[in-house]
Amino acid sequence: MKTNIRCKHQKILFLLLLVVVLGMIGVSCRKIAMKKWEGVYECEKSYNTSCWNPTTGETYSYDTSHKAIVDVVAIDDSILHIEERDLGRYSHGVRHNVIVNTNGNFTRLIEGNSGSTPYINGYFNKNGINIEYETRSQIATIHISYNGKKL
């Protein structure tokens, strides 16, 4: 009888150990996947602004395009921080945490009461990154696209 109980305990301990080891391997694989996206990306930044003047009722828009450097840093096993370098204090652009799936698709991580704007999503492909950023107010819409390669 004692041998039977001892054998059952050994099986249970073995199964628990197996679950722990497999869990650690899974977490390690996620961390490795996140590390492959970390780095510095040189991007073409396309910036479109549409504004409405409530006094005159006129609408105007403008487009600009220039180079931007974007840093990507892993924070957790499914969260990255993506930030455009040299982004001025009041400038619009990406500097947010995003949640990433195993395919490299990401969307902005909504934290606490921060609301749902700006809208950010994108994806990684081979050595590149694509980001769509959009924010709105009552009188303006700003849409920014980043398309870049890892340096």
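Quick note: the coordinates plus some simple rules give every number you see, no bench work behind them. Just so it is clear, the model here is predicted, and its values are computed rather than measured. So basically every Cβ, Gly included, is an ideal-geometry build from the backbone, and we count neighbours across all protein chains shown.
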Item to check | Cut-off under 5 Å, modelled amide H: who pairs with Leu109 long-range | outcome: Asn97, Val98, Ile99
Checklist outcome for this item: Scoring the stretch 36-150 by relative contact order with C-alpha pairs under 8 Å, at least six apart, yields a percentage of 28
Checklist entry - If r is the Cβ-Cβ distance from Ala140 to Asp77 and R0 is 41 Å, what FRET efficiency results, to the nearest 0.05? => result 0.65
Checklist entry - For Asn101 and Thr49 in the same chain, what is the full-extension length gain: residue separation times 0.36 nm, less their Cα-Cα distance, in nm? => result 15.7 nm
Next on the checklist: For the stretch 36-150, take the convex hull of the Cα atoms, compute a quarter of its surface area, and give me that in nm², please.
Outcome noted: 7.8
Next on the checklist: Using 0.36 nm times the number of residues separating Thr64 and Leu87, minus their current alpha carbon distance, what extension gain do you get?
Outcome noted: 6.7 nm
Item to check | Over 18 Å between alpha carbons, listed pairs Lys36/Lys149; Lys35/Lys67; Lys35/Lys126 | outcome: Lys35/Lys67
